[in-house]
Amino acid sequence: MKFGVVVFPGSNCDRDVQTAARAAGYEADFIWHAATAVDGFDCLVLPGGFSYGDYLRTAAIARFSPVMAAVAEFAASGRPVIGICNGFQVLLEAGMLPGAMLKNTSCRFLCKAQRIRVESARTPFTLKLRPGQVITLPIAHGEGNYYADSETLAQIERHGQVVFRYCNESGGATPESNPNGSLGNIAGVCNEAGNVLGMMPHPERAGEQILGGADGRLILDSVAQWVQGGGRIG
């Protein structure tokens with residue numbers, strides 16, 4: 001099992017992802033943003049950070065990186081791609097996922113542990129999770145307020161594309177448990193095929209108990225199980 005971690009100028013969670021993957025027993029190598037091929041990898045990760053300084057708006061420039069054509073082709077072939085935080089924003093800007101990101105309603109950068117509820121176990125990244133399960137992952141973002149127009153929102157809900165929601169300890173997706181104002185408390189969404197996931201929480205920062213929790217390891221182990229099992233969704 002080999003993860004490819006795409007590195008943009010301004011990425012700052014790339015090494016976190018590599019370290020978490022290797023700690024879980026998997027291979028993980030970097031892919032520079034100027035690369036035009038992503039051969040030899042089982043899963044691609046677009047990590048958090050501030051790609052290209054987040055000039056114009058978050059991820060607006062990264063979507064034009066040479067590597068993104070290869071990422072899109074990789075995803076179109078049915079292989080797994082995950083965007084974490086800024087990586088989620090890149091996938092949105094690139095049109096690989098529906099919706100957009102706005103500034104947090106508090107207009108403040110948030111950095112804390114956050115409970116999220118699993119909504120779907122049909123993706124490669126959630127095989128080891130169950131619907132309704134509450135896990136805790138760190139969040140760290142200033143523009144994590146997920147938005148989509150009413151038609152798009154209804155469509156992703158209808159197609160089961162909401163993968164994670166912000167919630168409280170008992171799993172309630174309440175306004176009080178919504179840290180950034182995201183519509184529907186949405187913390188992560190996938191494409192219709194289920195093989196492309198974007199999420200604002202950071203699983204790579206919760207891969208070992210010494211970090212305060214290991215719930216993020218379940219996401220890495222899920223995609224590894226999916227790949228090793230032949231890569232079929234549903």
Could you please give the count of residues in segment 189-221 that are of a type in the set (G, A, S), under 16 Å from I84 (Cα atoms) and touching a Pro at 6+ places or on another chain (Cβ under 9 Å)? 3
One residue is enough: does segment 206-220 have a residue meeting the conditions of a type outside the set (F, W, Y), at pLDDT below 95, part of a loop (DSSP other than H, G, I, E, B) and surrounded by fewer than 19 Cβ atoms within 10 Å (Cβ to Cβ)? yes
Between a first residue in segment 211-234 that is more than 22 Å from T19 (Cβ to Cβ) and a second residue that is modelled with pLDDT of 95 or more and of a type in the set (F, W, Y), which pairs have beta carbons less than 9 Å apart while being 6 or more apart in sequence or on different chains? R232/W226; I233/W226
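For (1) part of a loop (DSSP other than H, G, I, E, B); (2) free of Cβ contacts under 8 Å to residues at least 60 places away in the same chain, each residue gets a yes or a no:
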{"residue": "A21", "(1), (2)": "no, no"}
{"residue": "A28", "(1), (2)": "no, yes"}
{"residue": "A37", "(1), (2)": "yes, yes"}
{"residue": "G40", "(1), (2)": "yes, yes"}
{"residue": "G53", "(1), (2)": "no, yes"}
For segment 101-136, how many residues are in a strand (DSSP E or B), crowded, with 19+ Cβ neighbours inside 10 Å and hydrophobic (A, V, I, L, M, F, W, C)? 4
Assess whether I186 counts as being at pLDDT 95 or above and either of a type outside the set (D, E, K, R) or in contact with a Pro (Cβ under 6 Å, 6 or more places away or on another chain) (or both). yes
Out of all the residues in segment 42-61, which are aromatic (F, W, Y) and closer than 16 Å to V5 by Cα? F50
If you check Q161 against the conditions, is it at pLDDT 95 or above, among the polar types (S, T, N, Q), surrounded by fewer than 17 Cβ atoms within 10 Å (Cβ to Cβ) and within 21 Å of Q133 (Cβ to Cβ)? no
Tell me yes or no: at least one residue of segment 178-201 is farther than 19 Å from F88 by Cα, among the β-branched types (V, I, T) and out of contact with any Lys or Arg (no Cβ under 8 Å at 6 or more places or on another chain). no
From the list V71, V45, V6, which one is assigned to a strand (DSSP E or B) and either aromatic (F, W, Y) or more than 22 Å from T136 (Cα to Cα) (or both)? V6
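The values are calculated or read from the model by the stated rules, or taken from the named source; none is laboratory data. This structure is a prediction, so every number in the text was calculated from the model and none was measured. Cβ sites come from the backbone with ideal geometry, for glycine too, and all protein chains shown count toward neighbours.
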